[in-house]
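Encoded as structure tokens, the structure appears first; notes follow it.
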Amino acid sequence: MIKQNLLKIKANLPEDVVLVVVSKFRSMDELKEVYACGERDFAENRVQELMSKQGELPNDIRWHLIGHLQRNKVKFIAPFVHLIHSVDSLELALEINKQAASQKRTLSILLQFHIAEEDSKFGFETHVNLSVLEEINALPHVKVCGVMGMATLTSNETKVREEFKKLFEMFNAMKQDVFRRNENFKTVSMGMSGDYKIAVQEGSTMVRIGSLIFE
Ligand SMILES: *Cc1c(COP(=O)(O)O)cnc(C)c1O
């Protein structure tokens, strides 16, 4: 099933859109099956699960953190994490910079924006002060690679599309302004199982898909 599901999804994705397999809650056997199909980008939303799975699977996997990250946990993932999608404060970025420095690494991050209606979701507000983003962009051990956002969980496609449009517009505006000299700023992480096709139409370059692969 996993193989067929992956093939179906990939048939819907343009070649330059990265598929990140969201492996949270899934067993080692399921992850190994995904690995055997050739996938190398895996994502977890919890640090603990990210660490334990990383320790048991081949080290050519690129591990993404997509869930809310507490500052005191950055040190656990700093040695190996490939991309942190959920940076939503200057304080968190400062801690990532510090832990990256102590690992002699530069860590790649995305800035998470709050585009959904629900207020429970994390992320910078869309009217964030640009000086905060400038400060993050200047951190020597942090590479700001783009943005991430989650649309409202709703069957209203128009609403979802508007939210993705907004994130993409913000990405473009920042790319021409705050991040104009940052050649790494090119990723738009948006789209999950239920809305990835809309996200791709609206400019996504990276989709994060779980249930559609494993069910
Ligand atoms: C769980 C999760 C996903 C994947 O959700 P599915 O609906 O299972 O595809 C994507 N992004 C984040 C941030 C998640 O927590």
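The values are calculated or read from the model by the stated rules, or taken from the named source; none is laboratory data. It should be emphasised that the depicted structure is a prediction, and the values quoted were computed from it without experimental measurement. FYI the Cβ positions are ideal-geometry reconstructions off the backbone, even for glycines, and counts take in every protein chain you see.
Observations on the model:
- The criterion of being closer than 18 Å to residue 178 by Cβ, of a type in the set (Lys, Arg) and more than 14 Å from the ligand (Cβ to nearest atom) does not hold for residue 98.
- Test: residue in segment 11-19 that is more than 20 Å from the chain's Cα centre (by Cα), of a type outside the set (Asp, Glu) and at pLDDT 95 or above: yes
- Test: residue 104 is more than 16 Å from the ligand (Cβ to nearest atom) and at negative phi: no
- Any hit, segment 168-179, residues being more than 16 Å from the ligand (Cβ to nearest atom), over 23 Å from residue 15 (Cβ atoms) and of a type in the set (S, T, N, Q): yes
- Pairs, first closer than 14 Å to residue 197 by Cα in segment 157-168, second in a helix (DSSP H, G or I) and not β-branched (Val, Ile, Thr), C-beta under 7 Å, six or more apart: 164/199
- For segment 183-215, a residue qualifies if it is surrounded by 18 or more Cβ atoms within 10 Å (Cβ to Cβ), part of a loop (DSSP other than H, G, I, E, B), of a type outside the set (Asp, Glu) and within 13 Å of the ligand (Cβ to nearest atom), and the qualifying residues are 190, 191, 192, 204, 210.
- Among the residues making up segment 45-95, a single one is touching an Asp or Glu at 6+ places or on another chain (Cβ under 6 Å) and within 15 Å of the ligand (Cβ to nearest atom): 50.
- Scan segment 108-156 for residues that are over 14 Å from the mean Cα position of the chain (by Cα) and in contact (Cβ under 8 Å) with a residue 60 or more places away in the chain and the total you get is 0.
- Annotation note: of 21, 34, the sole residue that is buried (at least 18 other Cβ atoms within 10 Å of the Cβ), in contact with a helix residue (DSSP H, G or I) (Cβ under 7 Å, 6 or more places away or on another chain), part of a strand (DSSP E or B) and touching a residue at least 12 places away in the same chain (Cβ under 8 Å) is 21.
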